[in-house]
Amino acid sequence: MIKKVSLLFLLFVFALCSNQAFAHTSLEESTPKDGEVITEPIQELTLIFGTKVEQTSKINVSNSNGQSIALGNFVIEEDEMWATFLQPLDNGNYKVDWSIIGADGHPIEGSFSFTVDVPMKEDSNEDSAENEEKKLKQVEDNQENSTEQSKQDVKQSNVPSYVIPSIIGILFVIVVGSVFWLMRRKK
């Protein structure tokens with residue numbers, strides 16, 4: 001009986017020390033970045049994750065009206081996903097929703113936003129003043145949206161990676177202690 005308990009304890013310690021079982025994939029980098037204001041025509045969207053991404057993963061880009069933007073080539077290789085746009089994006093706010101299945105098999109979703117603000121040829125001073133006001137309004141709106149999204153992202157990732165293994169460890173110690181206590185009581 002003691003050998004079985006010892007074996008279970010060793011298996012538990014091994015599982016406890018293996019953080020990969022509890023880790024989830026996250027977006028490590030993107031081009032454009034979350035909250036970025038793009039001032040040149042954008043041709044491609046790139047997302048880089050913390051692990052290999054399965055081929056069933058998806059990206060959806062939508063404008064401020066919620067209309068999906070048509071994507072051209074969509075490629076998934078190892079830990080990267082990228083897509084090209086069929087035509088240059090108009091000035092405005094855009095949201096990127098992504099949905100992946102990482103190498104650990106867990107489905108994970110997320111989103112970020114960016115703004116396209118490509119300067120247009122100025123026809124007159126009045127038009128440029130109006131455009132500047134609109135651009136400032138768009139940037140302010142985008143910053144508010146980015147701040148809210150960042151707060152949501154932080155809320156999702158506030159749990160340190162050691163909490164779940166610690167709770168499991170405590171429960172395991174309680175169970176093993178109870179088994180030993182019951183064994184001594186029967187004698």
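The values are calculated or read from the model by the stated rules, or taken from the named source; none is laboratory data. Since we're looking at a predicted model, the values are computed, not measured. All Cβ positions, glycine included, derive from the backbone under ideal geometry; neighbour counts span all protein chains shown.
Of the residues making up region 51-66, those that are outside any strand (DSSP E or B) and either modelled with pLDDT of 95 or more or touching a Ser or Thr at 6+ places or on another chain (Cβ under 6 Å) (or both) number 1.
All conditions but one from (1) within 14 Å of P32 (Cβ to Cβ); (2) at pLDDT 80 or above; (3) surrounded by 14 or more Cβ atoms within 10 Å (Cβ to Cβ) apply to N142; the one that does not is (2). Residues that are among the polar types (S, T, N, Q) and not in a loop (DSSP other than H, G, I, E, B) were ranked within region 153-187; the one that is modelled with the lowest pLDDT is Q156.
Filtered by the rule that a residue be assigned to a loop (DSSP other than H, G, I, E, B), exposed (fewer than 15 other Cβ atoms within 10 Å of the Cβ) and of a type outside the set (V, I, T), region 27-50 gives K33, E40, P41, Q43.
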